[in-house]
Amino acid sequence: KKSKLQVFDQLESEVRTYCRSFKTVFAKGSNAKLVDRDNREYIDFFAGAGALNYGHNNKRIRSKLVEYLLQDGITHSLDMATEAKEKFLLTFQNTILEPRGMKYKVMFPGPTGTNSVESALKIARKVTGRTNVVCFTNAFHGMSLGSLAATGNAYKRGGSGVPLTGTTFMPYDGYLGPLVDTTSLLEKMILDSGSGLDLPAAVILETLQGEGGLNGASDKWLRNLERICREHGILLIVDDVQMGCGRTGTFFSFEKSGIRPDIVCLSKSIGGYGLPMAITLLRPEHDIWNPGEHNGTFRGNNLGFVAATEALHYWSNDELEKQIDAHAKTISAFLNRMASRYSGKISEIRGKGLIQGLVFKNPEEASKLCGVCFDKGLIMETSGPSDEVAKLMPPLTIEASVLKEGLNKLEAALQQLFAPAKP
Ligand code: PMP
């Protein structure tokens, strides 16, 4: 039988060119649906790992992009001032920062999430004159040297070939069980001259660990961490690359927790249309770089600015937030039913908003489930240190009927694989 992948299969022996989990060639996408070149339809519960919060080919964003291109809008501008950049900055200021009472300067660190994290780490070191950065078990911050050094995944760290330096890992909230507040360990180690911990420049964290298995931090833990940072002049960096732009139900994942980070990293869905874009938000007093100290060719992606500006209009009222909330309730009710039906296989459900997942006692079964889902036309990925979590993260704009259709496919896949637990 001839493989559907054709040219990709031919190339496989020489170069690594495609994802092995989803063995087809995709051709088109519209909101939460993808179509492959054999016209098979898939529901997308992966959403570009959080880069497609507004769906594939979002019509209102697309029409702005087409209009901009037809008017000879500038596509690339390094760090020059352009109208598209100006509109984005004004919209971000008026729609996101001001209503939340936030005062940040917006910088463009480069095109991707890891660029934003690198810029945050550099700024923190320059501001404080310290090198060490505290990060957390199961964190994921990116693949370049600094962000990888802050990533708590041995397999991914192994990609660097030699040990990574400059970071100290501490247990994330819940790592030592539900009763231990791990911030007290950090505080003790900072205060204790015998701990061996170099006073850090920054603490970097995700409020919910997307790649690390959907572990979430409590508001109390976040507030304790913020207090410790303030007391010791440590910069608090929230990496909202995956959880930002509405994934957990609010634009910033931390906005209801009461903390106000010194630096916030955003990428993925800030580009609105799946276009590469990243921003780093800095407290104004930390804007200390001299011209040229942090540059990069693709910081002026104007198509990203145009798409991002239109996407921000979703946040000018609370309609999207309400929809996320309704969808999140549908998903958690469904997952709760599945977790009790298959309690022999599933240990818990994790996550919030439109990023939730089923934790499998045997990690292989999470991967198997995603494989069967794919055969049924549903795209899902695993996460966690052993890939034990089957993760659901549809576009925020998914239609209620398509969400139901996707959940039905997931239920059918579970049914095919596992016998229900005995009552
Ligand atoms: N931070 C977090 C929390 C992420 O989830 C990711 C990507 N999965 C990154 C940083 C890195 O982003 P990018 O792949 O765009 O470099």
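For the reader, a short list of remarks on this structure follows.
- The stretch 84-203: mean projected area of Cα convex hull, nm²: 10.1 nm²
- Our coupling estimate for the stretch 79-96, obtained by passing each phi through the Karplus curve with A = 6.51, B = -1.76, C = 1.60 and θ = phi - 60°, is 10, 5, 6, 10, 5, 5, 5, 4, 4, 4, 4, 5, 5, 4, 4, 6, 8, 10 Hz, Gly and Pro reported as x.
- For LYS33, the aspartates and glutamates whose Cα comes closer than 13 Å to its Cα, not counting residues fewer than 8 places off in the same chain, are GLU41, ASP44, GLU399, GLU405.
- Each residue in LEU407, LEU164 was given a count of other beta-carbon atoms within 10 angstrom of its own, and listing them fewest first yields LEU164, LEU407.
- 19 Å Cα cut-off, lysine pairs counted over the stretch 61-315 (separation 8 or more, or different chains): 12
- Protection proxy ranking of 317-326, 279-288 - average other beta-carbon atoms within 10 Å, highest first: 279-288, 317-326
- The alpha-carbon atoms of the chain define a convex hull whose volume equals 161 cubic angstrom per residue.
- Cα centroid of the stretch 294-364 to Cα centroid of the stretch 33-51, whole Å: 16 Å
- Contact order, relative form, for the chain: 22 percent (alpha carbon pairs under 8 Å, 6 or more residues apart, mean separation divided by residue count).
- Amide H partners (placed H, <5 Å) of LYS28, local residues excluded: VAL35
- Peptides 339-347, 129-137, 144-152 ranked from most to least packed, by the mean per-residue count of other Cβ atoms within 10 Å: 144-152, 129-137, 339-347.
Read the figures in this text as sums done on the coordinates, not as results from a lab. Worth saying up front: this structure is predicted, and the values here are computed from it rather than measured. Here Cβ is always computed from backbone atoms with ideal geometry, including for glycine, and neighbour counts include all displayed protein chains.
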